[in-house]
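A short write-up of the structure that comes next.
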Amino acid sequence: MLSVSLERARELELVGEERVDPADLSARMERVGISFNDPDHLFYLALEGQAVLLSESFGAETRQLTAADASVFEDFASEAPEEDLDEAFVELDHWLVFGTFIDDRLVSAASMYPWSGTRLADLGVITLPAFRGRGLGRVTVRAMSAEALRRGYEPQYRCQLDNAASVALALASGFTRLGAWEVIDTGE
């Protein structure tokens, strides 16, 4: 399925809900100079999974982060691998931010931001390397996703196709793969 603006549809000579052979569509896109970013997996919580999630309770070590947590978040970010910070896009000033602590140290953090004009909340998560494999990312994602659901938002988990650890975390957190998603590369 392809979703494009009316302007792009005209540029690609697409009419209405026309069915186009994928090879023909690729040729049209190449002809007008459209290229794509690398595809992402797209995961959502099934309705039955949402109900289970909303009934869960999470320990005191996992909680919502606020501006008052700036110093602990800064310490966390200074320890996180640069690649994780770039790919996961976890920020303290996002719409919803959760963290999991061990001995008052932030070791896993996740954040969400709603997509403009939608009830979808895109999420990212980082767990410090020394603390991976303990389920801390899972509990952080689940606690934050439960709060997003309570606020009327649909959690959305995206990750690159080759990020096996993130795919495993999405599945362990109760998400189901909907498909792959490719976005036009705007050069920005």
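For segment 133-141, indicate whether the set of residues that are within 18 Å of L171 (Cα to Cα), in a helix (DSSP H, G or I) and basic (K, R) is non-empty. Yes, segment 133-141 contains a residue that is within 18 Å of L171 (Cα to Cα), in a helix (DSSP H, G or I) and basic (K, R).
If you check E91, E74, E13 for being surrounded by 11 or more Cβ atoms within 10 Å (Cβ to Cβ), under 18 Å from S145 (Cβ atoms) and free of Cβ contacts under 8 Å to residues at least 40 places away in the same chain, only one passes: E91. Of all residues in segment 16-38, those satisfying the criterion of being surrounded by 14 or more Cβ atoms within 10 Å (Cβ to Cβ) and part of a loop (DSSP other than H, G, I, E, B) are V20, I34.
Output the number of residues of segment 4-15 satisfying the condition of being within 14 Å of V183 (Cα to Cα) and either outside any helix (DSSP H, G or I) or touching a strand residue (DSSP E or B) at 6+ places or on another chain (Cβ under 6 Å) (or both). The total comes to 2.
Within segment 117-130, the set of residues being among the small types (G, A, S), surrounded by fewer than 16 Cβ atoms within 10 Å (Cβ to Cβ) and at pLDDT 95 or above comprises just one member, A130.
Scanning segment 94-116 for residues that are among the hydroxyl-bearing types (S, T, Y), surrounded by 14 or more Cβ atoms within 10 Å (Cβ to Cβ) and out of contact with any His (no Cβ under 6 Å at 6 or more places or on another chain) yields T100, S108. The number of residues in segment 173-188 being part of a strand (DSSP E or B) and farther than 27 Å from R138 by Cα comes to 1. The one condition from (1) assigned to a loop (DSSP other than H, G, I, E, B); (2) closer than 30 Å to A168 by Cβ; (3) modelled with pLDDT of 85 or more; (4) of a type outside the set (S, T, N, Q) that M1 does not meet is (3). Checking segment 73-84 against the condition returns no match, with no residue being among the aliphatic types (A, V, I, L, M) and either modelled with pLDDT under 95 or assigned to a strand (DSSP E or B) (or both).
Got at least one residue in segment 86-96 being farther than 18 Å from T140 by Cα and among the aliphatic types (A, V, I, L, M)? Among the residues of segment 86-96, not one is farther than 18 Å from T140 by Cα and among the aliphatic types (A, V, I, L, M), which makes the answer no. Residue check: M112 meets all listed conditions (1) outside the structural domain of E56 (by TED's automatic domain parsing); (2) at pLDDT 95 or above but one, namely (1). Residue count for segment 39-60 under the criterion of being more than 20 Å from the chain's Cα centre (by Cα), hydrophobic (A, V, I, L, M, F, W, C) and either more than 18 Å from A170 (Cα to Cα) or part of a loop (DSSP other than H, G, I, E, B) (or both): the result is 2.
The values are calculated or read from the model by the stated rules, or taken from the named source; none is laboratory data. Computed from a predicted structure; not experimentally measured. Cβ atoms come from the backbone with ideal geometry, glycine included; neighbour counts cover every protein chain shown.
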